[in-house]
Amino acid sequence: MAEIAVSPAPDLTDVDELARIQRQNRRENLGRMWFKFSRNPLSVIGLLMVIAIILLAIFAEFVTPFPDHVRPFTDFVNAKKPPGGEYLLGTDQFGRDILSRIVFGFRFSLLMAVVVLTLVVPVGVTLGMVAGYFQGTIIDTIIMRITDIFLSVPPLILALAIASVLTPNLTNSMIAVSLMWWPWYARLVYGLSSALRTEYFVSSAETIGARTPHILFREILPNMISPIFTKMSLDVGWVIIIGSMLSFLGLGVQEPQPGLGTMVAKGSDYLPTGQWWMAIFPALAIVVVVLGFNLLGDGLRDLFSAEEV
Amino acid sequence: MNFLNVEELQRLFLFLLRRIFQSIFVLFGLSILIFLLSRVLPGDPARMALGARAPQETIQRLRDEMHLDEPLLQQYQIWFTNALGGDLGDSLRTRRPVVDDIVEFLPASMELVLLAGVISAIGGITLGTLSARHKDSWIDNLVRVISYMGVVTPAFVVAIIFLTFFTTAEFGLDLFPPIGRLSSGFEPPPRVTGLYTVDSLLAGQFDTFVNALHHLILPSLALALGSLSQEARITRSTMSDNLTRDYIAAERALGIPERTVTGKFLLKPSLIPTVSIFGLDFAANLSNAFLVEVIFNWPGISRYATTAMLYKDLNAIAAVILILGVTFIVVNILVDLVVGILDPRIRLRGARSD
């Protein structure tokens, strides 16, 4: 971070004073970043959508009209009610409120994204960073050729194949998506770190005898944080799409739990008989989530000028 | 297009050779990955295929047939040699050679993906050009909003939206048939390519052609929307970058008509990134077709694979992934080649170092 000259000249021997100046600089930087971010109305809309979805997902029990409709529940009197009145988005074939189920569906979608990214980012980043730093050696070749193999097949197909040989449930669909997602981080970080390894601060650290872990995690990694962070915020949307595709095919969230993809799949059975609301609202909910995270991610990309993501 | 001389052709050939060599390595790795997937993961493949209540002798027979009691390395060797000879085993569900199943179902998917490719290329380039030429006007803004929505909406959601609005009577827009490749009462045309639209034209059955096309439009449009949007966005951005270049201003100053400037001198260099994206999207659409085919009940390879996955038919799963992987890699090589021909800079650099 850029140091800003503060007048009158501070006493640089005073540790407390130094810490205070650092805090102040950090606050000013954050303020400047927020100003830049907030100039783009689309990014702000994205941020608000994401916050709203996260809050809805956390407090689903308290904000939905029928929280018990996400557990085994049947009310055939009110089954297949069209949207409007007591049931804002209608009810499904068991008489369960679709709005409530969508809000709880957000929870599973976000859970999937969080778990997958927490598993995938450290692995992909470490592998890509090591391969990039040791570019041209056998380590680079081994790691990146394996990455190439994973990237040679469309991600959905590999995830489907893995999920299909395991027992179909939420946990296994997370495992399946994680197994095919890390190479994307490895490739991104490989490019970044192989460029950084020739920088002066890296060669200086090598000259004074810093150990490899120090160079990797203290010198190179901090300089890659913004592109990684940007990619993560964009990936939330894509992970949610893949998750909903798996659950659409019956390989993810299982009934009676409300996965957005599961709801679309079950609802589409009732399209020919005229109950159009059962499939379309969960489908639109997927679009809303992905749109929110993409607007936010695009805003962050502009903010950090991370074009390589 | 610039004339390719002998030296450049040689370079191109070397470049191609290099890419093919790399791809063979990747394919070999992919085959190991797929094999491990279908063998090492928990559970007995034979029991999974036959169900929990199958008698022990039947399971043992299938295990022998699949060489499951051999050491792993030997199993891979058998599987790999067979795969090289075009034998990917029998489907554990249909009990037919998987290759036969794939040959039967692949054309339906190809028909879908090809039409989607055509739609997305024409639509994407048109919209992108329109957007760039009328930059910051309402046309530009409209195209940008539509293409952004198109990028974030997955194909299966588009399919559901289309199915809801254009096939059910609820909204008075039931213009298209909801499922399948042909209406009942129509016989599939005699098989030449397996693409119903092409075969029916070849056989001179015009009614069948119209009916097949009518069934084809909605699913391929659903599939095309994402890549169309992506191509429109990339065409717009490269073209509006190139519009500010000096050579365009020079051409205009020379009095060359605007139509010639945009249509000829601007379009070609602006299409290079679009071609790359088109190739990637085309290959990716083979996997996006998975859910679209399920939704439109389209008897293609993706629906075949989905059924195989639900029945844990490991031979079929492995074969489909391998076929799709090969297609993906081949399309990527073709794209590199086309881009290389279009862009002399990449052609020259590619042969030297990459």
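Structural remarks
- For the range B:273-319, the set of residues classified as at pLDDT below 85 and at positive phi consists of B:K312 only.
- Annotation note: Cβ proximity below 7 Å between a residue of the range A:129-141 that is in contact (Cβ under 8 Å) with a residue 60 or more places away in the chain and a residue that is assigned to a loop (DSSP other than H, G, I, E, B) (sequence gap 6+ or interchain) occurs for A:G132/A:R197; A:Y133/A:R197; A:Q135/A:R197.
- Among the residues of this structure, A:G237 counts as one that is part of a helix (DSSP H, G or I) and not acidic (D, E).
- Identity of the residue in the range B:280-302, small (G, A, S) and without any contact (Cβ under 8 Å) to a residue 60 or more places away in the chain, that ends up most open to solvent (accessible area, probe 1.4 Å): B:A284
- Residue, surrounded by the most Cβ atoms within 10 Å (Cβ to Cβ), within the range A:147-179, restricted to residues that are part of a helix (DSSP H, G or I) and small (G, A, S): A:S173
- Among all positions in the range A:276-283, there is no residue which is surrounded by fewer than 20 Cβ atoms within 10 Å (Cβ to Cβ) and at the interface with chain B (Cβ under 7 Å from one of its Cβ atoms).
- Annotation note: Cβ proximity below 7 Å between a residue of the range B:54-67 that is open to solvent by 40 Å² or more (accessible area, probe 1.4 Å) and a residue that is in a helix (DSSP H, G or I) (sequence gap 6+ or interchain) occurs for B:T58/B:L50; B:R63/B:A46; B:H67/B:Q75; B:H67/B:I78.
- Consider the range B:309-323 and keep the residues that are at the interface with chain A (Cβ under 8 Å from one of its Cβ atoms) and farther than 19 Å from B:G86 by Cβ. The one that is least open to solvent (accessible area, probe 1.4 Å) is B:M309.
- When the residues of the range A:248-268 are filtered to those that are away from chain B (no Cβ under 11 Å) and surrounded by fewer than 24 Cβ atoms within 10 Å (Cβ to Cβ), the one that is nearest to A:A161 (Cα to Cα) is A:Q254.
- Odd one out for A:F37 among (1) modelled with pLDDT under 90; (2) farther than 19 Å from A:V236 by Cβ: (2)
- Failed criterion for A:P272 (all others in (1) at the interface with chain B (Cβ under 9 Å from one of its Cβ atoms); (2) crowded, with 21+ Cβ neighbours inside 10 Å hold): (2)
- One residue stands out among those in the range B:102-160 that are under 25 Å from A:S268 (Cα atoms) and not aliphatic (A, V, I, L, M): the one that is farthest from the other protein chains (Cβ to nearest Cβ), which is B:E111.
- Failed item in (1) touching an Asp or Glu at 6+ places or on another chain (Cβ under 6 Å); (2) surrounded by fewer than 21 Cβ atoms within 10 Å (Cβ to Cβ); (3) within 14 Å of chain A (Cβ to nearest Cβ), with B:A169 passing the rest: (1)
The values are calculated or read from the model by the stated rules, or taken from the named source; none is laboratory data. Being a predicted model, the structure only gives us computed values, none of them experimental. So basically every Cβ, Gly included, is an ideal-geometry build from the backbone, and we count neighbours across all protein chains shown. In case anyone asks, the SASA skips ligands and DNA or RNA and just uses the protein heavy atoms, side chains included. Shrake-Rupley method; radii C 1.70, N 1.55, O 1.52, S 1.80 Å.
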